[in-house]
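Comments concern the structure below.
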Amino acid sequence: QQQLFQELLLQLQEEGGMSAASPYLAIADEAAAFLRRHYKEPLGYKRMSEELHFHANYIAVCMKKAFGCTPLEYVTRHRIEQAKRMLIHSNHAIGKIAEETGFGSFPYFIRCFSRYTGFKPKEFRMRFR
């Protein structure tokens, strides 16, 4: 849903006169696509910078302008959205879901999930399944 919402915002900005060709928006969109493609892998600013051929700070500024968040926040939100889908639509163990969505450790996954959703993963699964 978050991803669709962001794409809708981009379309609205384009129609409202803000050109998709504006450099920061194009770079932010490219960075977001890169992060969505590689969210399961360990990611760092260095790798993203090398892949996109822009300095990491510039990419972060572009994403902050376009999406209101840093690349790290963006990928964390995307991982949480993927985890929410898996919690609702699968019977995988929560540890397995944390691993499959790219979180480095189970406790970090629990902290992030709770911070972004207000629920622990098990509570979320029980409530929304």
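Residues A31, A26: which one is modelled with pLDDT of 95 or more and assigned to a helix (DSSP H, G or I)?
Of the residues listed, the single one that is modelled with pLDDT of 95 or more and assigned to a helix (DSSP H, G or I) is A31.
In the set E51, E41, E99, E123, which member is out of contact with any strand residue (DSSP E or B) (no Cβ under 8 Å at 6 or more places or on another chain) and part of a loop (DSSP other than H, G, I, E, B)?
Only one candidate passes the filter, namely E41.
Of a type in the set (A, V, I, L, M, F, W, C), farther than 29 Å from A26 by Cα, open to solvent by 20 Å² or more (accessible area, probe 1.4 Å) and in contact with a helix residue (DSSP H, G or I) (Cβ under 7 Å, 6 or more places away or on another chain): does that describe F106?
Yes; evaluated as a whole, the condition is true for this residue.
Matching residues to (1) at pLDDT 95 or above; (2) surrounded by 15 or more Cβ atoms within 10 Å (Cβ to Cβ):
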| residue | (1), (2) |
| --- | --- |
| Q3 | no, no |
| A66 | no, yes |
| K84 | yes, yes |
| K96 | yes, no |
| E99 | yes, yes |
| R111 | yes, no |
| G118 | yes, no |
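Tell me yes or no: at least one residue of region 59-77 is part of a helix (DSSP H, G or I), in contact with a His (Cβ under 7 Å, 6 or more places away or on another chain) and of a type in the set (A, V, I, L, M).
No, because not a single residue in region 59-77 is part of a helix (DSSP H, G or I), in contact with a His (Cβ under 7 Å, 6 or more places away or on another chain) and of a type in the set (A, V, I, L, M).
For the subset of region 66-115 comprising residues that are of a type in the set (G, A, S) and in contact (Cβ under 8 Å) with a residue 40 or more places away in the chain, which member is nearest to S49 (Cα to Cα)?
Here the residue is A66.
The values are calculated or read from the model by the stated rules, or taken from the named source; none is laboratory data. Model, not experiment: these values are computed from the prediction. Cβ coordinates were reconstructed from backbone atoms using ideal geometry, including for glycine residues, and neighbour counts include every protein chain displayed. These area figures cover heavy atoms from the full protein model, side chains too; ligands, DNA and RNA do not enter into them. Shrake-Rupley method; radii C 1.70, N 1.55, O 1.52, S 1.80 Å.
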